[in-house]
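Structure first, then comments.
Laboratory data are not the source of any read-out in this text; all were calculated from the coordinates shown. Note that the structure is predicted; figures quoted are calculated from it, not measured. Cβ atoms come from the backbone with ideal geometry, glycine included; neighbour counts cover every protein chain shown.
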């Protein structure tokens with residue numbers, strides 16, 4: 001049994017209209033909505049579901065305010081789903097149907113497993129020409145007007161029980177640990193072969209539980225920039241970025257999310273195999289980000305926030321004083 005990745009996420013929100021506008025700007029396709037709910041999809045059919053926070057059908061919240069209520073993971077076949085039923089039995093909040101098994105993880109987050117319905121895509125990012133390896137010939141790299149996320153790539157939670165959660169995801173779902181902040185955090189991937197992490201668990205000194213962020217995979221670094229500039233032009237606030245994570249090698253751009261926590265575009269993460277050995281890191285600003293733009297880039301000037309827009313047709317042109 002191998003978890004393939006995130007199938008869908010569900011938020012409990014206070015302002016459905018604002019959240020619908022945000023996720024449309026984010027680049028998702030709205031496939032359904034009514035007065036209390038909305039459903040969006042990424043390019044491969046990974047779903048983002050929004051429901052008013054007081055909807056009794058939602059799992060309980062693990063923090064106050066708008067936040068994530070459930071993460072649904074996918075497996076390839078019904079046989080793999082059925083093999084999980086005995087593992088889930090007896091877990092807190094356990095329930096099951098013909099099409100799903102679910103429970104509550106040690107941090108209070110509802111998790112569900114279903115057979116995947118995500119679509120296979122023929123989508124490729126732009127290759128990079130690096131010293132000694134030329135992958136792009138007679139073809140310029142793209143410039144994106146906005147992002148169209150491929151899928152929900154990972155989720156990050158604040159927890160008060162990181163060791164218990166790491167054990168839970170390893171034993172129940174077969175996740176592998178990629179790297180650690182000893183006693184403080186665990187980066188975990190769904191399977192031995194895969195991207196650097198599908199979930200990151202971070203224990204704060206004050207023991208706060210909650211959502212840190214949800215990350216959306218885009219095709220390449222150019223789409224990170226194009227998507228971020230578009231979101232900036234739409235008036236949404238940057239938390240941090242663009243920048244680069246040294247732990248996973250990924251490029252990122254974080255924004256504040258009206259549905260709860262932060263939200264991230266990212267690309268170019270490390271791909272790991274069973275040969276990978278987890279590393280230990282001491283938390284710190286330069287471990288989190290090799291470099292980052294504080295406050296983001298302005299979507300109109302294409303410069304750091306509050307910087308003066310360029311003048312003239314060329315960088316060397318200057319207006320006469």
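Computed values, structure above
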| quantity | calculated |
| --- | --- |
| Any chance residue 74 is under 21 Å from the mean Cα position of the chain (by Cα) and crowded, with 17+ Cβ neighbours inside 10 Å | yes |
| Filtered residue count, segment 149-199, keeping only those that are in contact with a helix residue (DSSP H, G or I) (Cβ under 8 Å, 6 or more places away or on another chain) and assigned to a loop (DSSP other than H, G, I, E, B) | 5 |
| Residue under evaluation residue 144, criteria (1) closer than 20 Å to residue 42 by Cα; (2) assigned to a strand (DSSP E or B), criterion not met | (2) |
| Search result, residues across segment 266-290 that are more than 11 Å from residue 251 (Cα to Cα) and in contact with a helix residue (DSSP H, G or I) (Cβ under 6 Å, 6 or more places away or on another chain) | 281 |
| Some residue of segment 85-102 being assigned to a loop (DSSP other than H, G, I, E, B), out of contact with any strand residue (DSSP E or B) (no Cβ under 8 Å at 6 or more places or on another chain) and under 26 Å from residue 23 (Cα atoms) | no |
| Residues that are touching a residue at least 12 places away in the same chain (Cβ under 8 Å) and over 30 Å from residue 45 (Cβ atoms), drawn from segment 164-189 | 164, 180, 181, 182, 183, 184, 185 |
| Single residue of 57, 32, 38, 51 found to be in a strand (DSSP E or B), more than 21 Å from the chain's Cα centre (by Cα) and either free of Cβ contacts under 8 Å to residues at least 60 places away in the same chain or within 30 Å of residue 229 (Cα to Cα) (or both) | 32 |
| Residue pairs meeting the criteria (Cβ under 6 Å; at least 6 apart or on separate chains; first free of Cβ contacts under 8 Å to residues at least 24 places away in the same chain, in segment 298-311; second assigned to a loop (DSSP other than H, G, I, E, B) and loosely packed, with under 12 Cβ neighbours inside 10 Å) | 301/309; 311/319 |
| From the options 232, 126, residue that is in a loop (DSSP other than H, G, I, E, B), over 16 Å from residue 248 (Cβ atoms), touching a residue at least 24 places away in the same chain (Cβ under 8 Å) and within 21 Å of the chain's Cα centre (by Cα) | 126 |
| Some residue of segment 274-283 being within 16 Å of residue 154 (Cβ to Cβ) and in contact with a strand residue (DSSP E or B) (Cβ under 8 Å, 6 or more places away or on another chain) | no |
